[in-house]
1. Take the eigenvalues of the Cα gyration tensor for segment 1-77, scale each by 5, and report the square roots as semi-axes in whole Å, largest first.
2. Tell me the relative contact order for segment 42-149 as a rounded percent, counting alpha carbon contacts under 8 Å between residues six or more apart.
3. If you roll a 1.4 angstrom probe over the protein chains with everything in place, what fraction of the accessible area of the chain belongs to carbon and sulfur, to the nearest %?
4. With every protein chain present, what is the per residue accessible area of segment 51-159 (1.4 Å probe, Å²)?
5. Please give the contour-minus-distance gain from residue 111 to residue 165: 0.36 nm per residue of separation, less the Cα-Cα distance, rounded to one decimal in nm.
6. For segment 74-121, taking Cα atoms only, what is the radius of gyration to one decimal and the Dmax to the nearest whole Å?
7. Take peptides 15-22, 27-34 and line them up by average Cβ neighbours within 10 Å, highest first, as a rough protection proxy.
8. With no solvent and one equal point scatterer placed on each C-alpha of segment 57-98, evaluate the Debye formula and give log10 I(q)/I(0) for q = 0.20, 0.28, 0.32 Å⁻¹, two decimals.
Amino acid sequence: MNYSKATEEQTKEVFSVFSAAVNHMEQQGIHQWDEIYPDLPTISEDIAKNQMYIGMIDDNIAVCFVLSEEYDEEYKNGKWQWPNSKFCVIHRLCVNPQFQNQGIATKTMEYIEKVCKEAGYDSIRLDCFTQNPYSRKLYEKAGYSVVGYADWRKGRFELREKYIK
């Protein structure tokens, strides 16, 4: 898989991956995302800020994710294990439904950790919808500890963290 930053020309294609994932999750009874979030303006802003990454297989987007130092105020609810570390936050990790159950998310998490280490980060933080058993299993297996909870419009999310240095 080849990873790169998404370009403005890829905005609609990236958004279509998120739309397909929303439909797929809904069919599974996972009501994490919808037409309100993540929406096209959010995806466009991620790309404009040069924070949206994509992983390509052949000519198809297999995975999308955002890496940034930005985080929601609800992150204050975390009892962060490394409160003074330089950290990066993973947002909107999304595997294209066409590529699910192929280890793409696991490989992507390994790539993210490598990129973050190379960029000088000490730890990675993220939030994970408590009603999404697939992402919870992914982050648990990857070694991300639950350090608190945040409540947003769609429900409760785990705040997770991993030390990578």
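1. Working from the Cα gyration tensor, I get semi-axes of 20, 18, 12 Å.
2. Across segment 42-149, relative contact order equals 26 percent.
3. Using a 1.4 Å probe with all protein chains present, the chain comes out at 46 percent carbon and sulfur.
4. 50 Å²
5. Value of the extension gain: 18.0 nm.
6. 13.7, 39
7. Values: 15-22: 18.4, 27-34: 13.9.
Ranked by mean Cβ neighbours within 10 Å, highest first: 15-22, 27-34.
8. Taking Cα atoms of segment 57-98 as identical point scatterers yields -0.74, -1.05, -1.19.
The values are calculated or read from the model by the stated rules, or taken from the named source; none is laboratory data. Everything numeric in this text was worked out from a predicted model, so none of it was measured. Neighbour counts are summed over all protein chains in view; Cβ atoms, including those assigned to glycine, are modelled from backbone coordinates with ideal geometry. Each accessible area value is taken on the protein alone, full model and side chains, heavy atoms only, with ligands, DNA and RNA left out. Shrake-Rupley method; radii C 1.70, N 1.55, O 1.52, S 1.80 Å.
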